[in-house]
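Novice: One structure, pasted below without further comment.
The values are calculated or read from the model by the stated rules, or taken from the named source; none is laboratory data. On a predicted model such as this, the values are computed, not experimentally measured, just so you know. Heads up, the Cβs are rebuilt from the backbone with ideal geometry, glycines too, and the neighbour counts pull from every protein chain shown.
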Amino acid sequence: MSNPYDDDLPVARFQLSFVKELWPFVRPYKRGFAACLLILFLSFGLELLGPWLMKLAIDGPMRDASAEQNERLSMLWWYGSGFIAVTLGGALLGYIYGLLTAWNGQRVIRDVRRRLFSHVMSTGLSFHERNSAGKLTTRITSDVENLNELISTGVLQSVFDLLKIFGVLAVLFFLDVELALFTVATTPIVVILSVIFRKKAQQAYRAVRSRLALQNAFATELIGGIRTTRAYGQEDAIANRYAERNQATTDAWKDTVQHFSVFFSLVDLALRATTVGLLWFGGKAVLGGDMLPGEFIQFWLYFALLSGPIRELGEKYNVLQAAFASCERIFQLLAEPVFPPPRANGRAPIDSPRSGVAKITFENVEFAYGDGPTVLDGISFTAERGQTVAIVGPTGAGKTTLLSLVSRLRDVGAGSVKIDDVDVRDLDVSQLRRRIAFVAQDLFLFTGTVIDNVRLFDPKVSEERVWRALETVGAADFVRALPDGLQSPVAERGATFSQGERQLLAFARALVVEPDVLVLDEATASIDSESEERLQHALEIALRGRTALVVAHRLSTVRDADQILVLEGGKISERGTHEELVRLDGHYANMTRNAAAVR
Ligand SMILES: Nc1ncnc2c1ncn2[C@@H]1O[C@H](COP(=O)(O)OP(=O)(O)O)[C@@H](O)[C@H]1O
Ligand SMILES: [Mg+2]
């Protein structure tokens, strides 16, 4: 299996497919983006006006000795005001542009994030087993954030910066071909510099991004494992592991910063050198009478307009790189198939509303995880309406796997699982899951309140029903004793509750939906004997008239089952009622003897 911390290093190059894939997210806000483009053009126009006004002022009223003093002053005043107006207009447009781009970008990434999150939630369990939660979280947070850069400022601004460079160059050539030729003489140097710099910066930057992502994922997991770490007193060892990754990120950053600094210094140097040359050649032209001083200043100011976009492009390059890499990862994730897969040949799913009770049939079920060994082999049995089927067997026999097939957490490899004689794969999966309550082995409580956890954030479930469920499982007393009752907070993963209390809450969660089928995976395994007695009683009530598949260690839970299946190595080795199996004197009888000895 691949290391879940291995990062997929995308090529981080612009791909035409991005446009196609991004378009649905951008389309709703296309007017906003069009407005941004318009503003960019307007402000560029204003920017071009500045140097021209300057020239008019210098070569006009400043030099024109024939006019009257007052006249010249008032002309100057007008040009000055024009210049200020142009500047103010530019600032205002810049302000609007900033707001608008941020607003556009935020809305797009909000949509992307929502899509991404729900997609991650609907991918198959096998996908989650291959990818750590921390890594997926990074996709949803920082990769989407990078995308924001791309959407709100990146692409638009960069394309525009290019346009601007060409626009300014065109103006320069229009004004004075010789001087313009001189200024573009340094261009090859800048281009060569950026090609060299690019290669190096690209590698360094990608290293930073992927290391940072891994570091985040790593931290999430290490913090999540705090209890284990502490129990074994391994805080230092874990902190060291983290420190190593942290250092790796820092090193990568150092490289990037170095490449950046060198690049910018050299570009600046090239631009400055050009400026000096400009002064010399321009000055000569002015002295020789080929050029007016105002024209020279104008040329200079236009030339100065070049440095902004050039710098910006260099800077944006990395941001864009990161954004393209993120884009690739995001779309890769979105292309991950959902589970269950959409129905083939467009057949509509069969309706399967909740009916109070159901029949479950396994027919020659086979299952393997991925390409792994066979975990379930030729499993066939029927749980008639209202029957309880207990499944016992050693650890690793495949009990949990078997249960996960009923509500389609996974799909069978061969054979079929049927509910009321209909293959579960033919049913609407959300309807199916509403009919089946699954209490998993690893209980999970969410951050929120007790009531949130029992009704799983579904406001349609009334408080009354929640109380009834709590009452049934015998958890009402302990919830009532909590400071805020149902509204008491639950910490992440229910860390402030005992295992037994968590189990009771998980059990209440299963009952509150009034399912047709109960699927319990060792639901009573970690409950103390007093709670167990209560739960045992609750179980009897809950199982009455309801179909149930129960994996249990406790003899008391198993004994009353209508049918007991002994699962060994993925095969059913014995089946029958308690009495029948005891009489058979096989594995089950052995188990009961051991259990009796322990008690
Ligand atoms: N998510 C998984 N991916 C790969 N193999 C798994 C996975 N879950 C369980 N297995 C393997 O499948 C077998 C059955 O596991 P499981 O159904 O959990 O057994 P049980 O619940 O009876 O202890 C074991 O060999 C286990 O290693
Ligand atoms: Mg198990």
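Novice: Could you tell me whether segment 427-437 includes any residue that is hydroxyl-bearing (S, T, Y), at pLDDT below 95 and away from ligand 2 (no atom under 16 Å from the Cβ)?
Specialist: Yes, segment 427-437 contains at least one residue that is hydroxyl-bearing (S, T, Y), at pLDDT below 95 and away from ligand 2 (no atom under 16 Å from the Cβ).
Novice: Restricting attention to segment 565-588, and to residues there that are closer than 22 Å to E366 by Cβ, hydrophobic (A, V, I, L, M, F, W, C) and out of contact with any Ser or Thr (no Cβ under 6 Å at 6 or more places or on another chain), which single residue is nearest to ligand 1 (Cβ to nearest atom)?
Specialist: L567
Novice: Next question, about the same structure. Among (1) in contact (Cβ under 8 Å) with a residue 40 or more places away in the chain; (2) on the phi < 0 side of the Ramachandran plot, where does D452 come up short?
Specialist: The single condition D452 does not satisfy is (1).
Novice: Take residues that are more than 30 Å from F303 (Cα to Cα) and at pLDDT below 85 and tell me which of the helices (runs of 4 or more DSSP H) falling wholly in segment 30-131 contain 3 or more. Don't jump to the end; show me each part of the working.
Specialist: Details: elements: 30-57, 69-122, 125-130.
Answer list for segment 30-131: 69-122.
Novice: Now, a different point. Find the residue count for segment 544-564, including only residues that are on the phi < 0 side of the Ramachandran plot and more than 16 Å from ligand 1 (Cβ to nearest atom). Let's see the steps before the verdict.
Specialist: Pass one, segment 544-564, residues on the phi < 0 side of the Ramachandran plot: 544, 546-564.
Narrowing further to those that are more than 16 Å from ligand 1 (Cβ to nearest atom): 544, 546-548, 555-556, 559-563.
So the answer is 11.
Novice: On to the next question. Considering each residue of segment 357-374, count those that are out of contact with any Leu (no Cβ under 7 Å at 6 or more places or on another chain) and either within 16 Å of ligand 2 (Cβ to nearest atom) or free of Cβ contacts under 8 Å to residues at least 60 places away in the same chain (or both), and give that number.
Specialist: Within segment 357-374, residues that are out of contact with any Leu (no Cβ under 7 Å at 6 or more places or on another chain) and either within 16 Å of ligand 2 (Cβ to nearest atom) or free of Cβ contacts under 8 Å to residues at least 60 places away in the same chain (or both) number 8.
Novice: If a residue has to be outside any helix (DSSP H, G or I) and either in contact with a helix residue (DSSP H, G or I) (Cβ under 7 Å, 6 or more places away or on another chain) or within 16 Å of ligand 2 (Cβ to nearest atom) (or both) to count, how many in segment 483-494 make the cut? Break it down into steps so the answer makes sense when it comes.
Specialist: So in segment 483-494, the residues outside any helix (DSSP H, G or I) come out as 483-484, 488-491.
Next, only the ones that are either in contact with a helix residue (DSSP H, G or I) (Cβ under 7 Å, 6 or more places away or on another chain) or within 16 Å of ligand 2 (Cβ to nearest atom) (or both) stay: 488, 490.
Qualifying residue count, segment 483-494: 2.
Novice: May I pose another question? Given the criterion surrounded by fewer than 18 Cβ atoms within 10 Å (Cβ to Cβ) and away from ligand 2 (no atom under 16 Å from the Cβ), identify the matching residue among D423, D452. Walk me through how you get there before you give the answer.
Specialist: Details: D452 fails: surrounded by fewer than 18 Cβ atoms within 10 Å (Cβ to Cβ).
Exactly one residue qualifies, and that residue is D423.
Novice: Hey, can you tell me all the residues within segment 182-206 that are charged (D, E, K, R) and touching a residue at least 40 places away in the same chain (Cβ under 8 Å)?
Specialist: Initial filter on segment 182-206 (charged (D, E, K, R)): 198-200, 206.
Hits for segment 182-206 are R198, K200, R206.
Novice: I need every pair where a residue in segment 375-400 that is at pLDDT 95 or above has its Cβ under 6 Å from the Cβ of a residue that is outside any loop (DSSP other than H, G, I, E, B) and of a type in the set (F, W, Y), sequence separation at least 6 or different chains.
Specialist: Cβ pairs passing all conditions: V375/F367; L376/F367; I379/F362; S380/F362; F381/F362.
Novice: Here's a check for you: in segment 578-599, which residue that is over 27 Å from T374 (Cα atoms) and surrounded by 15 or more Cβ atoms within 10 Å (Cβ to Cβ) is modelled with the lowest pLDDT? Give the steps one after another, and end with the answer.
Specialist: To start, the set of residues in segment 578-599 that are over 27 Å from T374 (Cα atoms) comprises 578-580, 582-585, 592-599.
Then drop every residue that is not surrounded by 15 or more Cβ atoms within 10 Å (Cβ to Cβ), which leaves 578, 582, 592.
On the way: H578: 93, V582: 92, T592: 85.
Filtering first and then ranking leaves T592.
Novice: Which members of segment 390-413 meet the condition of being buried (at least 18 other Cβ atoms within 10 Å of the Cβ) and away from ligand 2 (no atom under 16 Å from the Cβ)?
Specialist: Within segment 390-413, R408, V412 meet the criteria.
Novice: Which ones in segment 287-299 are surrounded by fewer than 17 Cβ atoms within 10 Å (Cβ to Cβ) and assigned to a helix (DSSP H, G or I)?
Specialist: Here is the first cut: in segment 287-299, the residues surrounded by fewer than 17 Cβ atoms within 10 Å (Cβ to Cβ) are 287-290, 292-293.
Correct list: L287, P293.
Novice: Let me ask another. May I ask you to verify whether A510 is of a type in the set (G, A, S) and buried (at least 19 other Cβ atoms within 10 Å of the Cβ)? Even if it seems obvious, please write down each step before you answer.
Specialist: Numbers: of a type in the set (G, A, S): yes; buried (at least 19 other Cβ atoms within 10 Å of the Cβ): yes.
It is true that A510 is of a type in the set (G, A, S) and buried (at least 19 other Cβ atoms within 10 Å of the Cβ).
Novice: Take residues that are more than 16 Å from ligand 1 (Cβ to nearest atom), farther than 18 Å from V566 by Cα and under 35 Å from the mean Cα position of the chain (by Cα) and tell me which of the helices (runs of 4 or more DSSP H) falling wholly in segment 358-455 contain 1 or more. Let's see the steps before the verdict.
Specialist: Working: elements: 399-404, 429-435, 450-455.
Ranges flagged: 429-435, 450-455.
Novice: Specify which of the listed residues (L172, L162) is within 30 Å of W280 (Cα to Cα), crowded, with 19+ Cβ neighbours inside 10 Å and touching a residue at least 60 places away in the same chain (Cβ under 8 Å). Please lay out each step first, then the result.
Specialist: Working: L162 fails: crowded, with 19+ Cβ neighbours inside 10 Å.
Result of the check over L172, L162: L172.
Novice: What residue, of T557, T592, is touching a strand residue (DSSP E or B) at 6+ places or on another chain (Cβ under 7 Å) and among the polar types (S, T, N, Q)?
Specialist: Values: T592 fails: touching a strand residue (DSSP E or B) at 6+ places or on another chain (Cβ under 7 Å).
Going through T557, T592 in turn, the sole match is T557.
Novice: Something else about it: In segment 527-553, which residues are crowded, with 20+ Cβ neighbours inside 10 Å and not aliphatic (A, V, I, L, M)?
Specialist: S531, E532, R546, T547
Matching residues to (1) under 24 Å from S488 (Cα atoms); (2) basic (K, R):
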site	(1), (2)
P373	no, no
I379	no, no
E384	no, no
S404	no, no
L427	no, no
S430	no, no
F446	yes, no
R455	yes, yes
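Novice: Can you name the residue in segment 154-203 that is of a type in the set (F, W, Y) and at pLDDT 85 or above and is also farthest from G294 (Cα to Cα) among such residues? Spell out how you get there, then give the answer.
Specialist: Narrowing segment 154-203 to residues of a type in the set (F, W, Y): 160, 166, 173-174, 182, 197.
Next, only the ones that are at pLDDT 85 or above stay: 166, 173-174.
On the way: F166: 23, F173: 17, F174: 16 Å.
Among those residues, the one meeting the criterion is F166.
Novice: Checking D428 against (1) touching a Pro at 6+ places or on another chain (Cβ under 6 Å); (2) buried (at least 21 other Cβ atoms within 10 Å of the Cβ), which test does it fail?
Specialist: Against the list (1) touching a Pro at 6+ places or on another chain (Cβ under 6 Å); (2) buried (at least 21 other Cβ atoms within 10 Å of the Cβ), D428 comes up short only on (2).
Novice: Right, next: What number of residues within segment 510-535 are within 16 Å of ligand 2 (Cβ to nearest atom) and at pLDDT 70 or above?
Specialist: Number of matching residues: 4.
Novice: Only one of these conditions is not met by P340: (1) touching a helix residue (DSSP H, G or I) at 6+ places or on another chain (Cβ under 7 Å); (2) within 16 Å of ligand 1 (Cβ to nearest atom); (3) closer than 25 Å to H119 by Cβ. Which number is it?
Specialist: (2)
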